[in-house]
Structure formats: structure tokens, C-alpha cells
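**Q** Mind looking over this structure? Questions follow.
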RNA sequence: GGGGACGUGGUGCAGUUGGUUAGCAUGCCGGUCUGUCACACCGGUGGCCGCGAGUUCGAGUCUCGUCGUCCCCGCCA
């Protein structure tokens, strides 16, 4: 084989008249009869090679090249003639061929490699190795590499140790469903694949490795989404002797480094910090997209004596009347559109949707009046306050929902997102980070009929809250937990961890995990905590989501080299697949019903 | 578990109220062509319309089932 002296991307005018050898794939062949152009591609770029008829057998051999053949070409770098220079097409130079070696022939691929045209994703996944050859995926995978390397460099420079934790580990009852791996040596028992390295990184703190990080693969056996795969990668880190702000600083620092190195963008730190309650009250979600406004305004106080029964009753029952304004959008909301929006609100849990349009009278007075879908029940006083509260101007519209606070928030949050989309209020190419902090420690699971941890059971609760509410209303207990949110995506989260055996036991008690359960499931952690555990805290960021955002991709599949489909299938390998009965027997496993 | 969208030459799409021969672009094959770069031009090849039932004189089109893909809800500490 003629080994390459240069990559395709390295060939520039500066190398004019040098003899070089390149290795790569045939991108395109353009045979003009008397002269033949072959574009060669590698991951560094593309370069045009020129074959001339006077070269005889070399020319005829080149004429039989096909797309995706792998070749070695030796030739002289030459400036293209005047008039044939197309900078944007790949430069001003080309290689005049002297020698060609076909390293391997390719059959016609099932889809275009050289074009960015749409291809059925199923097919892309079945031929992922070809899909990955395409420019977009090459760019994404290289970008992912760059992110990972930047992260490593950042942590390494700050005394963090990269430490691996087990992939075969113990099943934990809390949280997502585990992937299970049967044990052959301990028949009837199972390993689980880790949902995250959570417990191990805490134990590393106990061991004294006070700054840990890992690019960690995590596994969760739950249904998929555009931003969820059964296995995914976290940038996982943990520190001892720190407080929440220290973790935030490190997180902001690593994000800053990544955005700087990958996009050349300087992001502003520190990020905005919003409490969970404030986020819910203002945006109706715990991961608000701050690239646009549409924040909520509470007008409950002005409607306590509303003549509109649903509003009055909701408020009397401790509920609220809230909404948000869409400036200048009133003329776009026809009756049909409003009906559509109302249906959305109802689907999101609202009982109904009120709207108010501000209209300037066309007469000489030019007064601003409100047109609402509850005019009959709206007093002048209420209307005035509505206008004031939302600073309504001509052609503005505001949407209002009344009811129980949480329901109203969530429904308005859904509307906010939908209307931002419809009104094209979401600016491109900007990055709005924020921290959401003080999440509730527990929520009540109707299904399990017990309290469950909102973050995870090792999160430090506000000790004063714990004292006040553990016996009355545990959902009121706040946690020292924080999420980092970017453009409406939760890209990471973490918490201060419990480092007291007693607090940990109180939390387990509240979760309804009894003494025996604590011992069998988390005994090793509780044991460890008896031997001197440092106060510690940590965070984990979703690498796939982060890379997707940086790459401008909507789906994390497009930044994962070999992803699964939404039904958990690998189109390329066919996994999951049948196994031999012998394999099952070695594991003492058999089907209780014929799944095949 | 539930809802929605989709499945037509290798690829991307069109296909009317059910109607006779399923179109278009591109690829692929052959030819012409000495400066192209999505080369151009000429000719050709290529389809069990995902699969299976049903309705009908007749189904790519309608109905039911099934398989696959995608999106959303539930779920994801």
C-alpha cells in the first residue's frame, strides 16, 4: 500500500509542486471524457485529483473507479487553472495523479454518502458505519471527542482524578428500572448495570479521593424519547469538603471551557439561579427555557370577588388565577386557534382557558378596551387591573387559567412552550443557562402509596425543613439539590449528599425503607459512613444532551455513534437477540412463558 | 401501557372521489464529451406499493390485524 504523506484536508496551495500520497474514499467521479476528476475524501476533508488521457492505463483505471472505493493516490499538487478555481468547493488546488492503487472496491451504498439529503433513519441505523461516514455525523462525532477532551483537561487541571466504577453492580430499588445481568457463578442471582455511579462516587469520597470525575456510561431500562437512550453517558463528578456554590462553580467552569473550545463562545457566569418554586410559579416547569419571556403573572388578588363562578371558587379553595401575555399577537388568534389552544390547556390539566385581547378603539378617544371570553362576568375594576398587571397594549393578548396552583402552573407552562414555538419567539444560536435549586426532597407516589425521593435518597435535605415537616408533610421538605438547565433542556443535576448516618436513616424511614431493607440494599454505604465520611457533593451532566445542543442536533441519537431505536433495537447488530438454550442452562434460566 | 404520524424501484418523494400501463427526481448500467466540482447531454435498467386477511366486478388508495420506524403522554431517583 502506498501510505499517505498527507491527509486530504492538509492539501493547500502552500504545498504546490510537492509530490504527495493520499489515502481515502472516492467521493465523486466526474468523467468529462478527455479529462477525469475524482474527489477523494477522508475525515479531514476532500481534495480533487486530476487524471489525464495521456496517462494511458492510469486514466482507464481511474475511469473505472466508483463512489466509496478506497484508494491511494500519488501525485503532484498543482494550482488549478484560472477560471477553474472554486474556493468554496474545496480550494484552489488539486492533485495531478501519477499513481493509483485501489485498496478496496465498494459496492453501491444503500444511500448517499456524499450528500446531506434525508435518509430514512431506520436505514441509517442499519448501515450506521456508512451513516457515520457522512459529513454531518463525522462532525458530530469529532465534536463529541472535543467535548470529552475539554472536560478531561478541565478536571485534570484542577486535581480531579478520573476513576472508573463497576458496570456490573448491585440492583438498587429506588429510581429507574435496572438492566439485569444473570450471574453464572451465583446461580439465580443478578448483577445490575448502573443507573449512575452514584454510590461508588460517594464511597470514593469516604476513601479520601476528594475530587473525582468520570465519563460514565449509565443504563436505565425505561422507555425512550428523542433525548433518552437506554444507555447514555454522564460527565460525573464529586467533591469533598465543599458547599453547593463550589459545585456550581466547577460546573459553570467546565461548561464555559467546553463552549469556548468547541464553539468559541464565551458564556457568562455565574448562571442565573432560580428556586424550584420560583421556576414553577414563573414558567410552569422546573427546566424553563429562558431564551424567551412569556413569564407568568399572578392576578389572584384582583379576582377574589369575581362574578365568574369558576374563578371565584378556585380562589376560595386556595387556588390562583394566573396567566401570561403575548405581545402584539391578538389578531393572530382566531376563534378556531383559541379553541385549539384551549384544548391544549385542557390536555395539560386546566379546566378551561380564559383569554383577554386588548383593542384600541378606532374612534377619536382611542381608549384601550378588553375583549375576553368572559366579558359578561368581568367587572370594570377587574378589567382595569388585568390591563395594569400585564401592562396590556393594543393588540396584546393574555391567556389566563384558574385553579389549583400546581395544575395552573403546569398547564400554563405547556402553553408557554407551545406559543413560543407558534409565535417563533425562540431565538436561534443563543445559550441561556440557569440553575434551578431547592427542589422538594420528596413527592408522594400514588402508585406506590409512599413518599419517593425527587432526586435520590442520598440528597441532603434542609435539616430545618426535615425537623419541621418530617412528621407532618414531608413534601414541604426542601433538598439541597440543583439542576443546570440550558435552553429548556435539563443538562445536569446534583446535590449535597447526606454524610450523617442518622440523617440518612431518617430519609430511608420517610421513604418507607425499613431497617432490614436499608441493610440489605444500602448497608455497605451506611457501614462506610461510620468510618469517617467527609461532607461531599457532586453533579452529573448528560454528555449526549450537551453534545446535541452544541452540534445543533435535535436528537441525541445523532451524537451517539451506535444508538438504539425507540424500541430498544440495534438495527445494525439485531440486538437484543435470541441466545442458545445452552447459554440459558448455564445460568439456570428458563422462560416461564414462551416469549419467542 | 396509551395516543398520533409514517411504510410506494437502491435512495428521496408524487399518486385525485377505488378504475385499467404506478409517475418524478436521483442512483445504477451503456454511450458522447479536455476544466468539471450535485459536470452536462443521449439511451437503458429497476416496484409482489412492509406483511396478512377482508370489502369490492376492481385496492397503492377503503376496513381489520400484524411487523417496523419516528414523535408525544405515562415512565425516566
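The values are calculated or read from the model by the stated rules, or taken from the named source; none is laboratory data. Only a predicted model underlies this, so the values are computations on that prediction, with no experimental measurement involved. FYI the Cβ positions are ideal-geometry reconstructions off the backbone, even for glycines, and counts take in every protein chain you see.
**Q** Please find, among A:439, A:374, A:399, the residue that is touching a residue at least 40 places away in the same chain (Cβ under 8 Å) and closer than 30 Å to residue A:496 by Cα.
**A** The match here is A:439.
**Q** Looking at the stretch A:90-110, is at least one residue near RNA strand B (Cβ under 6 Å from one of its atoms) and either at pLDDT 95 or above or surrounded by 18 or more Cβ atoms within 10 Å (Cβ to Cβ) (or both)?
**A** Within the stretch A:90-110, one or more residues are near RNA strand B (Cβ under 6 Å from one of its atoms) and either at pLDDT 95 or above or surrounded by 18 or more Cβ atoms within 10 Å (Cβ to Cβ) (or both).
**Q** Looking for something surrounded by fewer than 19 Cβ atoms within 10 Å (Cβ to Cβ) and away from RNA strand B (no atom under 12 Å from the Cβ) - is there at least one such residue anywhere in the stretch A:25-41?
**A** Within the stretch A:25-41, the subset surrounded by fewer than 19 Cβ atoms within 10 Å (Cβ to Cβ) is A:28-35, A:37.
Going one step further and asking which of them are away from RNA strand B (no atom under 12 Å from the Cβ), we end up with none.
No, the stretch A:25-41 contains no residue that is surrounded by fewer than 19 Cβ atoms within 10 Å (Cβ to Cβ) and away from RNA strand B (no atom under 12 Å from the Cβ).
**Q** Restricting attention to the stretch A:501-520, does a residue exist that is within 30 Å of residue A:323 (Cα to Cα) and either out of contact with any helix residue (DSSP H, G or I) (no Cβ under 8 Å at 6 or more places or on another chain) or not assigned by TED's automatic domain parsing to the domain that holds residue A:197 (or both)?
**A** No.
**Q** With respect to the numbered conditions (1) within 21 Å of residue A:486 (Cβ to Cβ); (2) modelled with pLDDT of 95 or more, which one is the sole condition not fulfilled by residue A:243?
**A** (1)
**Q** Another question, then. Quick one: would you say residue A:121 is touching a residue at least 60 places away in the same chain (Cβ under 8 Å) and near RNA strand B (Cβ under 7 Å from one of its atoms)?
**A** yes
**Q** Oh, and also: Give me the residue from the stretch A:321-332 that is touching a strand residue (DSSP E or B) at 6+ places or on another chain (Cβ under 6 Å) and within 25 Å of residue A:381 (Cβ to Cβ) and, out of that set, surrounded by the fewest Cβ atoms within 10 Å (Cβ to Cβ).
**A** A:330
**Q** Restricting the search to the stretch A:441-472, which residues are touching a helix residue (DSSP H, G or I) at 6+ places or on another chain (Cβ under 8 Å), in a strand (DSSP E or B) and either more than 16 Å from RNA strand B (Cβ to nearest atom) or at pLDDT below 95 (or both)?
**A** A:442, A:443, A:444, A:451, A:453
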